[in-house]
Amino acid sequence: MDGRPVLALIARTLEKCGLEAVLIGNAAAALQGAPVTTIDFDFMFRKTPANLRKLKAFAAALDAMILRPYYPASGLFRIVREDDGLQIDFMASVHGVRSLASLKSRARTVRFEDAKLLVSDLADVVKSKKAAGRARDLAVLPVIEKTLHEETRKKKREARRTEERE
């Protein structure tokens with residue numbers, strides 16, 4: 001299944017609601033070439049009263065509801081749409097990430113149709129999964145680390161070619 005149409009919808013809706021968030025986790029890794037899958041989309045956001053209002057507007061615009069499942073890290077807001085099983089998690093804190101500002105400073109902007117989405121840098125995805133230490137995170141870590149290594153090598157080769165041309 002191609003998640004791009006869903007990500008385009010999410011990106012448009014985030015922009016429409018003015019909710020700033022960064023895509024993290026396996027979806028972010030997959031967008032950067034890692035051969036991983038996921039059944040949901042995870043975002044980091046800043047938990048403020050204004051953003052909680054925007055999150056409610058976001059859920060309403062998607063014809064979805066907000067749930068507050070219990071997790072040790074909590075601060076998690078799960079957006080669920082029963083029609084198609086769409087699940088989007090918004091977290092105020094993420095293992096291995098100091099702040100939304102630091103995550104944003106390294107994030108990439110990815111265009112989906114007419115909207116943009118901030119996507120966590122692959123190194124931050126690796127760092128977060130290591131810090132979380134959950135079995136499901138550790139299981140995909142070698143695949144994501146290999147993708148990061150290949151991406152880093154590719155950038156170095158491109159930089160050398162650019163230097164040689166100059």
**Prompt:** Once the Cα atoms of helix 4-17 and of the chain are each reduced to a long axis, what angle between those two axes, in degrees from 0 to 90 to the nearest 10, is obtained?
**Reply:** 60
**Request:** Any chance you could check the Cα centroid distance between the stretch 101-166 and the stretch 1-55 for me, in angstrom?
**Result:** 16
**Item:** the stretch 1-134: Lys pairs at Cα distance under 30 angstrom, eight or more positions apart or on different chains
**Value:** 26
**Complete:** Rounded to the nearest 10 Å², the 1.4 Å probe accessible area of E164 is 140
**Request:** Mind putting a number on the dipole of the stretch 47-129 about its Cα centre? Charges go on the C-beta only, +1 for Lys and Arg and -1 for Asp and Glu, and I need it in Debye to the nearest 20.
**Result:** 520
**Prompt:** Where does helix 122-132 land angle-wise versus the long Cα axis of the chain, in degrees 0 to 90, nearest 10?
**Reply:** 60
**Prompt:** Which distance in nm do the two modelled labels at S102 and D2 give, with both placed 7 Å along the Cα-to-Cβ direction?
**Reply:** 3.7
**Relative packing of peptides 20-26, 38-44 - highest average C-beta neighbours within 10 Å first** = 20-26, 38-44
**Asked** Per 5 Å bin, what is the whole-percent P(r) computed from every C-alpha pair distance within the stretch 12-87?
**Response** 3, 15, 22, 27, 20, 11, 2, 0
**Request:** Would you rank R46, R98 by solvent-accessible area, highest first, keeping every protein chain in place and using a 1.4 Å probe?
**Result:** R98, R46
**Message:** So if each residue of separation counts as 0.36 nm, and I subtract the Cα-Cα distance between H95 and E150, what length gain in nm does that give?
**Reply:** 17.4 nm
**Fill in**
Calculating Kirkwood radius over Cα pairs in Å from this structure picks out, from [x] 15.3; [y] 16.7; [z] 19.1, entry [y]
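The values are calculated or read from the model by the stated rules, or taken from the named source; none is laboratory data. Just so we're clear, the structure is a prediction, and the values are computed from it rather than from any experiment. Here Cβ is always computed from backbone atoms with ideal geometry, including for glycine, and neighbour counts include all displayed protein chains. The area values use the complete protein model at the heavy-atom level, side chains included, leaving out ligands, DNA and RNA. Shrake-Rupley method; radii C 1.70, N 1.55, O 1.52, S 1.80 Å.
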